[in-house]
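One structure is given below, encoded as structure tokens.
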Amino acid sequence: MKQALHFGGGSIGIGFIADLLHESDYEVTIVDIDSELVKQINETATFDLYLINEDYKKKQLTQIHALSSIEDQAEIIKKISTADLITTAVWAENLPKIAPVLLAGLKQRAAINGKRVNILACENAMFNSEILRKAILTLDNSANEWLDHVAAFPNTAVDRMVLASQHDGKKTIDIGRDYELVIEESKLVDPIDKPIKDAVYTTNLQKYIERKLYVVNCGHAWAGYIGFVHGYSIIQDVFSNEALVQKIRETMWESAQLLMKKYGFTKQDMADYIDFIMDRYQTPGIKDMITRVSRSPIRKLQPEERLVGPCVQCEELGLENQRLLEGIAAAFLFDNPEDDQSVELLAFVKKHGIDEAIVHFTKIPADNRMHQVIKENYQKFLEKKG
């Protein structure tokens, strides 16, 4: 069988990427830090998924194995040197953490004249695979001379409902029926040889990345941060509040207007897409915590990210961005002591004030109209939350 090495045993990693790899006839090896997960997978060489839209019918992944990112470094390096495909789902901010072992494995691959391999970073971030490539090159300048001879780094866009669960005392994952994995066709080792079945291959990945990031992830983040301000802890409770649901739709439509103008999506295209996303978020029986949805607020406030990116571009084109500005303001109030970025963000605001924080994290200048509106919303939300 073809061999796939996948970094990240979380819900997206196994419930989406490993599932597609399994359907594409790969024998899959999962690399993860969780020793219990590694042991569970290796006991039976299987992992169970449950289909949310089919009354939680069980689907079993077979020919699946696991390696510990701590204890099995030598074997991981060997796998990197011979794998037919390498994928990741470790969160974008963790890509630099797996760069050292990838560098070591790819060096070994180069030494044995291994064939060029596709490395797909399946993360919710713009130019995700390029982030990984740059992280590898940062570790070793000499890699500039050989890296692209042994590896290709097509960017991706990923989208599926996946939720961690447990059945019979074992870790499992509940998965939605619908999904979208978009792969940058032109950067594949061989654009004619498609490595994963049922993925979308495109020469214009940007429009798919932005549609996903600026509508799906944007709406979800907005719901999480605004929901937190309103005192919610479970995201589905936010999607049960009709007034907030209307505002979430308005937020998505602000981004949709931008995408229609930039990429030629029709109004019906975006209406169908938003309905599809809202149906997913309002699926009965699902429970997801706001602490998970809203994690890593510093990353989500970056200039090209899900809230600030569409907001600034709407401003430049004279499009409505009122709801987006509210979401940015609410993110500065997200308080989760177990989230390092939340702790860092709140500490910065406390030390330097909200004005400097807006400039520092979003890069929106202090003399810009958006800056003042964000500040006004922040003060309003602070009083509501307080």
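Overview of results
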| quantity | calculated |
| --- | --- |
| Alpha-carbon gyration tensor eigenvalues x 5, square-rooted, for the chain, Å | 35, 24, 21 |
| Distance (nanometres) between label positions extended 7 Å along Cα→Cβ at THR44 and SER186 | 4.6 nm |
| Fully extended contour minus Cα-Cα distance, from GLN166 to ASN113, at 0.36 nm per residue | 14.8 nm |
| Within the chain: Cβ-based charge dipole about Cα centre, in debye rounded to nearest 20 (Lys, Arg +1; Asp, Glu -1) | 300 debye |
| Region 1-143: relative contact order in percent, alpha carbon pairs under 8 Å with at least 6 residues between | 24 percent |
| Tilt relative to the chain, helix 308-317 - C-alpha long axis, 0 to 90 degrees, to 10 | 60 degrees |
| Solvent exposure ordering (accessible area, 1.4 Å, most first) of ARG133, ARG292 | ARG292, ARG133 |
| 3J(HN,Hα) from dihedral phi, region 275-288, Karplus parametrisation 6.51/-1.76/1.60, rounded to Hz, x for glycine, proline | 4, 4, 5, 5, 4, 5, 5, 9, 4, x, x, 8, 9, 9 |
| The chain: angle of helix 322-331 to the longest principal axis, Cα-based, in degrees nearest 10 | 70 degrees |
| Positive-end extreme of charge dipole, region 136-194 - chosen from GLY169, TRP146, LEU181 (charges on Cβ) | GLY169 |
| Alpha-carbon centroid distance for the pair region 21-88 / region 248-321, whole angstrom | 32 Å |
| Principal-axis tilt of helix 369-385 within the chain, Cα atoms, nearest 10 degrees | 90 degrees |
| HN-Hα J in Hz across region 266-273 - Karplus 6.51, -1.76, 1.60, θ = phi - 60°, x for Gly and Pro | 7, 4, 5, 3, 6, 4, 5, 5 |
| LYS134-GLU356 FRET efficiency (beta carbon distance; Förster radius 25 Å; 0.05 resolution) | 0.30 |
| Cα→Cβ-extended label distance, 7 Å offset, between MET1 and ASP25, nm | 1.2 nm |
| Sequence-separation-based contact order of the chain, relative, with Cα cut under 8 Å and 6+ spacing, percent | 12 percent |
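The values are calculated or read from the model by the stated rules, or taken from the named source; none is laboratory data. Model, not experiment: these values are computed from the prediction. Note that each Cβ is placed from the backbone with ideal geometry, even for glycine, and that neighbours are counted across all protein chains shown. Just so you know, the surface numbers come from the protein's heavy atoms only, side chains and all, with ligands and any DNA or RNA stripped out. Shrake-Rupley method; radii C 1.70, N 1.55, O 1.52, S 1.80 Å.
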